[in-house]
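The values are calculated or read from the model by the stated rules, or taken from the named source; none is laboratory data. These numbers come from a predicted model, not from an experiment. Methodologically, a virtual Cβ is constructed for each residue, glycine included, from the backbone with ideal geometry; neighbour enumeration extends over all protein chains shown. SASA here: full protein model, heavy atoms, side chains in, ligands and nucleic acids out. Shrake-Rupley method; radii C 1.70, N 1.55, O 1.52, S 1.80 Å.
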Amino acid sequence: DEVVQMMAGLAYMTGPVGRPQRAGTSVNDIMGGMFGALGVLAALFQRNSTGRGKEIQSALFENCVLLSAQHMQQYAVTGVAANPMPERISAWGIYDTFELAGGRLMFTAATGDAPWKELCEILQRPDLYLDPRLKTNNDRVLARDWLIPELGATLKSMEAGALAPVFEARQIP
């Protein structure tokens with residue numbers, strides 16, 4: 001699995017610049033089994049319809065290329081290679097891991113205007129919601145250089161155990 005992650009570019013996309021890093025689990029082994037099972041189901045369906053069986057195959061490298069395909073497409077369309085995840089410009093304004101009280105970490109996402117409003121209400125930051133520089137997701141993406149540290153400062157004093165159920169109830173990932 002790790003060799004395939006290196007060969008297909010997933011490790012490049014996962015690690016910091018100049019330091020490819022495997023995904024935290026054996027994603028290609030798991031996908032190989034999953035796609036193998038889908039192939040078996042499709043072959044059984046065909047056999048039930050036609051009376052003829054099929055040989056199925058599932059390949060780790062091709063699985064991993066599928067995982068890297070969006071970055072390959074980006075390069076094909078723009079001519080610019082995607083940076084690895086830690087250096088990449090996010091498509092979402094709020095889609096990050098933040099440090100909370102006691103050093104706990106929490107991933108938080110607000111990928112649309114409604115979740116952004118909910119997040120600002122939960123964090124008691126109406127100033128951010130009303131800021132005209134942050135009106136749309138695209139505006140928030142452009143403001144990430146100052147917005148993410150600002151949210152981080154707000155979240156740093158909050159307890160994960162208290163915040164998580166509020167996020168869940170208000171549908172904030």
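Brief remarks on what is shown
- Counting heavy atoms of the protein chains alone, Met6 has an accessible area of about 90 Å² for a 1.4 Å probe.
- Chain lengthening between Val3 and Leu38 when straightened (0.36 nm per residue, less Cα-Cα): 10.2 nm
- Between Asp127 and Glu55, the modelled labels are 6.8 nm apart [label points 7 Å from Cα along Cα→Cβ].
- A full extension of the chain between Thr97 and Ala153 corresponds to an added length of 18.9 nm, given 0.36 nm per residue minus the alpha carbon distance.
- Of all accessible heavy-atom area on the stretch 1-149, the percent that carbon and sulfur account for (1.4 Å): 58
- Whichever lysines have a C-alpha closer than 22 Å to that of Lys117, once near sequence neighbours (fewer than 8 apart) are set aside: Lys135, Lys156
- On the beta carbon distance between Val141 and Gln171, with R0 = 22 Å, the FRET formula returns roughly 0.55.
- Largest mean-square fluctuation among Ile94, Ile30, Ile56, in a Gaussian network model of the chain whose springs join Cα atoms under 10 Å apart, belongs to Ile56.
- Modelled label reach - Glu87, point 7 Å along Cα→Cβ, the stretch 17-49 residues with backbone N closer than 19 Å: 17-23
- Scaling against 2.2 N^0.38 Å puts the C-alpha radius of gyration of the chain at 1.36.
- Among the DSSP helices (H) of the chain, those spanning at least 24 angstrom by Cα along their long axis with an average Kyte-Doolittle hydropathy of -0.5 or more are 27-50, 60-78; this is a geometric and hydropathy rule only.
- Per residue solvent-accessible surface (Å²) - the chain, probe of 1.4 Å: 63
- Extension gain (nm, one decimal) between Ile30 and Val17, 0.36 nm per residue minus Cα-Cα: 2.0 nm
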